[in-house]
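Report on one structure; see the data block that follows.
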Amino acid sequence: MNKSLIIILVFFIFSCKETKLPPSGICISFDDRSVDEWFAIKNLLNEYDAKVSFFITQFDSLTASEIVKLKQLESDGHEIGSHGALHVVSEFYIKNNTYKDYLENEINPSIRSMKQAGFNIKSFAYPYGAKYWFTDFMLLQKFDVLRSVTSINKEKDLTLIDEIYYDFNGDRTLSAIGIDTNGKVTKEMIKNAIKRASDNNQVLMVYGHIPMSSPASNSYELDIDFLKFILVEAKRKGLEFYRFKDLTAK
Ligand SMILES: [Zn+2]
């Protein structure tokens, strides 16, 4: 083999290595504590090999049977994360109390009670998406990844909202677009967002609350048909399903 051919080959190998990113994907999450409704979509998620993140608030108020259901969801490969013990607006709570109160009443008990029940918590979703630099600073010492929320833009075009796509840059403060009926996100918008993720080697992040067959309009309910559309479309475009804790590990 001549010298220049070797140089070209070495260059080729190195450039391949540098551009090799994990596959494009979608990261679906659910907030609060509608464990029965989440459990009801267990088979649907399995049908599409979809792994998602469930963020639990007020864990102490769950019944024993709800905790068993969460365990089963976890054993299917889904992530169980924290969504706070009280579900407060972090900034207001800290202003009206202290940051120590916030940690002692909202954050630490949530981690503790979930840990006692055998869940190893890596991710946190801010209630109401409410956060600022100081909460990020404090909570990044306790969690691997923090999730906030993003509303639809005035252009009604999800491909223009950069923050709902993760591009494997190590960012640990991420945000997701709401897919409940109150978010007013349409199938067409999601389809285009999935295309952007697929075309650009990114991960689209979405979140909802209560999956329902006939959801109320303008509510925290997510139409199961819409969820199914997202799963089908993600599969069709060959997207990987990521949990939040996976994103920081990449
Ligand atoms: Zn919430």
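Descriptive notes on the structure:
- Condition met for residue 67 (at pLDDT 95 or above and part of a helix (DSSP H, G or I)): yes
- Considering segment 49-64, and only residues there that are among the polar types (S, T, N, Q) and not in a helix (DSSP H, G or I), the residue that is nearest to the chain's Cα centre (by Cα) turns out to be 53.
- Any hit, segment 19-26, residues being of a type outside the set (Gly, Ala, Ser), surrounded by 23 or more Cβ atoms within 10 Å (Cβ to Cβ) and closer than 29 Å to residue 158 by Cβ: yes
- When residues in segment 224-240 are screened for being surrounded by 18 or more Cβ atoms within 10 Å (Cβ to Cβ) and either out of contact with any Lys or Arg (no Cβ under 8 Å at 6 or more places or on another chain) or within 14 Å of residue 49 (Cβ to Cβ) (or both), 5 of them pass.
- Members of segment 168-182 found to be surrounded by fewer than 16 Cβ atoms within 10 Å (Cβ to Cβ) and without any contact (Cβ under 8 Å) to a residue 40 or more places away in the chain, listed by number: 169, 171
- Taking the criterion of being surrounded by 15 or more Cβ atoms within 10 Å (Cβ to Cβ) and hydroxyl-bearing (Ser, Thr, Tyr), the residues of segment 129-153 that qualify are 135, 148, 150.
- Segment 100-132 - residue that is in a helix (DSSP H, G or I) and on the phi > 0 side of the Ramachandran plot and, of those, farthest from the ligand (Cβ to nearest atom): 129
- Residues of segment 45-98 that turn out to be without any contact (Cβ under 8 Å) to a residue 60 or more places away in the chain and under 16 Å from residue 127 (Cβ atoms), as a count: 21
- One residue stands out among those in segment 33-69 that are aliphatic (A, V, I, L, M) and within 16 Å of the ligand (Cβ to nearest atom): the one that is nearest to residue 228 (Cα to Cα), which is 52.
- Residue within segment 138-145 that is within 16 Å of the ligand (Cβ to nearest atom) and touching a Leu at 6+ places or on another chain (Cβ under 9 Å) present: yes
- Taking segment 201-223 as the range and being farther than 20 Å from residue 77 by Cα, surrounded by 17 or more Cβ atoms within 10 Å (Cβ to Cβ) and aliphatic (A, V, I, L, M) as the test, the residues that pass are 212, 222.
- Residues satisfying the stated conditions in segment 49-90, i.e. crowded, with 16+ Cβ neighbours inside 10 Å and among the β-branched types (Val, Ile, Thr): 52, 56, 57, 67, 80, 88
- Of all residues in segment 16-32 being closer than 22 Å to residue 237 by Cα and in contact with a Phe, Trp or Tyr (Cβ under 8 Å, 6 or more places away or on another chain), the one that is farthest from the ligand (Cβ to nearest atom): 21
- Per-region count, segment 76-87, residues assigned to a loop (DSSP other than H, G, I, E, B), under 19 Å from the mean Cα position of the chain (by Cα) and within 16 Å of the ligand (Cβ to nearest atom): 4
The values are calculated or read from the model by the stated rules, or taken from the named source; none is laboratory data. Nothing here was measured: the structure is a model prediction, and the numbers come from that model. Quick reminder, even Gly has a Cβ in these numbers, built from the backbone with ideal geometry, and neighbours come from all protein chains shown.
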